[in-house]
Amino acid sequence: MAGTIAFTVNGEACAVAGDPDDALLGTLRDTLGLKSTRLGCGLGQCGACTVLLDDRAVTACDTPLSAVEGKQVTTLEGLGSRDAPHPLQTAFIDEQALQCGWCTSGMLMRAAELLRREPHPDEAAVRQALERNLCRCGVHNRIVRAVLKASA
């Protein structure tokens, strides 16, 4: 049954009409035009669609719209900007931790959750936090270096 779901996305209040069982990913991309969140596997297994839901990393492809009612959603668009990039964004560029870019927003969001919880993680903690996010281009080591650099 369709209804209106009210939540905050990237600091802005919004209300969207939709089926509460619809995936958050479609609402972010198609209704709100926030294209940084990517569809990878569609099963919550690759991490490409990771966003923050009340500062907790979740996969948007399998998070129902009903789960965000009254909550705060942060996408890559809300993490930083061109004029004021998040330290993670700067570190990813500095470490060339990008290849095709498909996994990047999910990696950044999962890393942001880690750094909020643990501002100075060691390499093992970074690897464990990013374990659910897949990069098919093989830049995992650069991504880990970037997260460690951002935490410094």
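The table for this structure:
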| quantity | calculated |
| --- | --- |
| Principal-axis tilt of helix 104-117 within the chain, Cα atoms, nearest 10 degrees | 80 degrees |
| Within the chain, helix-based [θ] at 222 nm, where runs of 4 or more DSSP H residues each add -39,500 (n - 2.57), nearest 500 | -8500 deg cm²/dmol |
| Stokes-Einstein D (µm²/s) once Rh is taken as the Kirkwood radius of the range 32-94 over alpha-carbon pairs, at 20 °C in 1.002 mPa s | 169 µm²/s |
| Intensity falloff of the range 1-139 expressed as log10 I(q)/I(0), Debye formula with alpha-carbon point scatterers, at q = 0.15, 0.18 Å⁻¹ | -0.70, -1.00 |
| Principal axis box of the range 6-54, alpha-carbon based, largest edge first, Å | 28, 22, 20 |
| D_trans [Stokes-Einstein, Kirkwood Rh over alpha-carbon pairs] for the range 72-152, 10 °C, 1.306 mPa s, µm² s⁻¹ | 127 µm²/s |
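Read-outs throughout are calculated quantities, based only on the coordinates presented, and are distinct from any laboratory measurement. Just so you know, these numbers come straight off a predicted model, no measurement behind them.
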